[in-house]
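For reference, the structure is listed below as structure tokens.
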Amino acid sequence: MDRLAIVVPCYNEEEVLKLASEALRRVLDGLVQKGKIAGDSFILFVNDGSKDRTWELIEEEHGTYPGQVSGVKLAGNVGHQFALTAGLITAMERSDVTISIDADLQDDVDVIEEMIDKFHAGNDIVYGVRKERKTDTFFKRTTAQGFYKMMGLMGVKTVYNHADFRLMSRRAVEEFSKYKETNLFLRGMMPLIGYQTDCVYYDRKERAAGESKYPLKKMLALAFNGISSFSVKPISMILGIGLFIIIVSLLALAYALISYCTGHVVPGWTSLILSIWFLGGLQLLAIGMVGQYIGKIYIEVKQRPRYNIEKVLCNAEPFSDEEKKESEGNRFLSRIQEESQGKREG
Ligand code: UDP
Ligand code: MG
């Protein structure tokens, strides 16, 4: 039976914490009764440096339900994406499968069962996807959808309308933990892991209590981080614009020469207009070229794993270090023997 850990990042969530704990414990109980997860499955609250009573409440819940509720206290506020990562990596060593969910109960806890079913059906990652954004404000809905579209244009693979409500098997979390980058955008990283994945669909509700911990400023920062951590396309765009302007400057050259020949120009205009266009284009081109190299350095310093081997079909077992040394030694010996034989014959 698989042990499930539900990871919940919490920042100033004193108003919803007990509600969340209750709702998630109910889900755990139901799944344990149906025999879908192990009895020692648990909820892991990650306190992201809250300034209110969130941690005290987590401690209380752990005191009352020590088996079902556990907590991680981060020393300060590091933001949602890091808090979630801390929770996933802590849970990875103690569970077979993890589900991450926000504390505010906006995501439907009742699809957790479907996620588990899909996990048992062989999926390593199951994305929770919002059906509609009825409960979001018009502003949040349009900006969010525009963002997903833009990410797609920039060549970043994301699951449309999926936030951070997702199931991950242990091996998926282990693979994720090899991504050492500091600019985290989890939604963009998950599709890089690979493995078989699936989605479950649900309606996103209103916040159960409290206010959003994602003000516009944090939202914009997340969006910018999402694009700049995954794509060097903006740099390529500068290169493209530079090339375009140089081509335009060639057209301008033709136009300016014709004007010059027909004599309708003030002296000095032709050379001035050409210099402006051509130099402008050249500068952008040069910046874009330098940018290409910086983009490459940027990708390199992330040191992301280059691939994720899922299975190897091979009967030969890998050699142990001793076996490797032995075979090296044998080759060395046979070389010496050959050489000495050669000398004797020669
Ligand atoms: N959160 C966090 N650290 C932060 C901000 C938010 O751990 O610095 C948590 C928060 O407690 C919640 C989740 O991230 O569980 C999502 O935040 P919220 O529901 O406020 O975002 P929204 O749904 O409004 O986009
Ligand atoms: Mg929310």
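The number of residues in region 8-33 that are in a loop (DSSP other than H, G, I, E, B), in contact with a helix residue (DSSP H, G or I) (Cβ under 8 Å, 6 or more places away or on another chain) and either surrounded by fewer than 23 Cβ atoms within 10 Å (Cβ to Cβ) or not charged (D, E, K, R) (or both) comes to 3.
Only one of the numbered conditions (1) more than 16 Å from ligand 1 (Cβ to nearest atom); (2) at pLDDT below 95 is not met by A75, and that is (1). Taken over region 216-254, the criterion of being aromatic (F, W, Y) and either in contact with a Leu (Cβ under 8 Å, 6 or more places away or on another chain) or within 30 Å of D136 (Cβ to Cβ) (or both) is satisfied by F224, F230. Against the list (1) within 30 Å of Y179 (Cα to Cα); (2) out of contact with any Phe, Trp or Tyr (no Cβ under 9 Å at 6 or more places or on another chain); (3) not in a helix (DSSP H, G or I), the condition R304 fails is (2). Assessment of region 193-209 against the conditions (surrounded by fewer than 16 Cβ atoms within 10 Å (Cβ to Cβ), touching a residue at least 24 places away in the same chain (Cβ under 8 Å) and in contact with a Phe, Trp or Tyr (Cβ under 9 Å, 6 or more places away or on another chain)) yields at least one matching residue.
Scanning region 79-95 for residues that are near ligand 1 (Cβ under 9 Å from one of its atoms) and of a type in the set (A, V, I, L, M, F, W, C), we see that the one that is modelled with the lowest pLDDT is F82.
On the stretch given as region 214-238, residues that are outside any helix (DSSP H, G or I) and under 29 Å from Q283 (Cα atoms) total 2. Considering the conditions (1) within 16 Å of ligand 2 (Cβ to nearest atom); (2) modelled with pLDDT of 95 or more; (3) within 23 Å of the chain's Cα centre (by Cα); (4) among the hydrophobic types (A, V, I, L, M, F, W, C), A20 is excluded by exactly one of them, (3).
The values are calculated or read from the model by the stated rules, or taken from the named source; none is laboratory data. Nothing here was measured: the structure is a model prediction, and the numbers come from that model. We place every Cβ from the backbone using ideal geometry, glycine too, and count neighbours over all the protein chains shown.
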